[in-house]
Amino acid sequence: MASVSVTINGRRYEIACDEGQEAQLSRLGRYVDDRVRQLAAAVGQLGDTRLMVMTSLLLADELSEKNDELEAYKVEHNATVREKKDQMLADNLDRLAQRINLIADALEPAVEDEKPVEETDPTQEET
């Protein structure tokens, strides 16, 4: 198992991680440190625990907003996909209807040629 040293608000923390995750964990550590520093600059040093809780809440709020944006995107994307599928289905049905009409038009003369001739009753006289 690998480990990474991250510094947040001037304190070093040794964090264990899976092999190959070191770069990602370092990047996240820098991001959290930047957010802690921004918050500390805005409200002053409140103590590590309070500063970490407030930063955690800010990060959770960011994550919540991104999740909402993602859900809105999914809904929009799904609607677009559904519209495209509906349009493709309508186009396919139109093409099929045209083919059916062409076949029907081609068969119509043949059907008329095969109409039975009306037979007359031999017992009835022609007038």
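Some points to look at:
- Taken residue by residue, the stretch 96-104 has no member that is open to solvent by less than 60 Å² (accessible area, probe 1.4 Å), out of contact with any Lys or Arg (no Cβ under 7 Å at 6 or more places or on another chain), at pLDDT below 95 and not in a helix (DSSP H, G or I).
- Restricting the first member to the stretch 31-48 and to residues that are within 12 Å of residue 6 (Cβ to Cβ), and the second to residues that are open to solvent by 30 Å² or more (accessible area, probe 1.4 Å), the beta-carbon pairs closer than 7 Å and six or more apart or on different chains are 33/7; 33/9; 36/9.
- Sole residue being within 30 Å of residue 13 (Cα to Cα), hydrophobic (A, V, I, L, M, F, W, C) and surrounded by 10 or more Cβ atoms within 10 Å (Cβ to Cβ), chosen from 58, 93, 89: 58
- Inter-residue pairs, beta-carbon under 6 Å, first under 20 Å from residue 42 (Cβ atoms) and in the stretch 54-71, second open to solvent by less than 80 Å² (accessible area, probe 1.4 Å), 6+ apart: 54/39; 55/35; 55/36; 55/39
- When the stretch 1-52 is filtered for residues that are surrounded by 13 or more Cβ atoms within 10 Å (Cβ to Cβ), modelled with pLDDT under 95 and part of a loop (DSSP other than H, G, I, E, B), the ones remaining, listed by number, are 9, 46.
- Scanning the stretch 61-86 for residues that are small (Gly, Ala, Ser) and open to solvent by 100 Å² or more (accessible area, probe 1.4 Å) gives no hits.
The values are calculated or read from the model by the stated rules, or taken from the named source; none is laboratory data. All figures in this text were calculated on a predicted structure; none of them were measured in a lab. Ideal geometry is used to build each Cβ from the backbone, glycine not excepted, and the neighbour counts take in all protein chains shown. Just the protein is used for accessible areas: all its heavy atoms, side chains included, with ligands, DNA and RNA removed. Shrake-Rupley method; radii C 1.70, N 1.55, O 1.52, S 1.80 Å.
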